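**Student:** First the structure, which I've put down as structure tokens, then a few questions once you've had a look.
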């Protein structure tokens, strides 16, 4: 079962940036990519707890700002040999609110 949580207005995430949100004890990074699409992944790098939302992202991957480990934003898989990030479904509702799905 997936629980949907409203995080706030899409306008709080500038295009090309990300924001981290606390959701039921987990930290989730939501990226608003340069093409306008959204991706949501665990906000902490599994290597050393780096802030994934502060990493450099393109349309495909994010690079952790601490030790440059890279992760695919669609699958969460590391391209540098680290454990994967968790990927979360993310959408925007009719009121412009970002909604993320988390498993129960």
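**Student:** Restricting attention to segment 1-22, which residues are within 11 Å of residue 102 (Cα to Cα) and surrounded by 17 or more Cβ atoms within 10 Å (Cβ to Cβ)?
**Tutor:** none
**Student:** Anything in segment 25-60 that is in contact with a strand residue (DSSP E or B) (Cβ under 6 Å, 6 or more places away or on another chain) and surrounded by fewer than 17 Cβ atoms within 10 Å (Cβ to Cβ)? List them, or say none.
**Tutor:** Scanning segment 25-60 gives 27, 56.
Rule-based calculations on the coordinates, nothing more; no lab input. In this text, all values refer to a predicted model and were calculated from it rather than measured experimentally. Please note: Cβ atoms are built from the backbone with ideal geometry, for glycine as well, and neighbour counts cover all protein chains shown.
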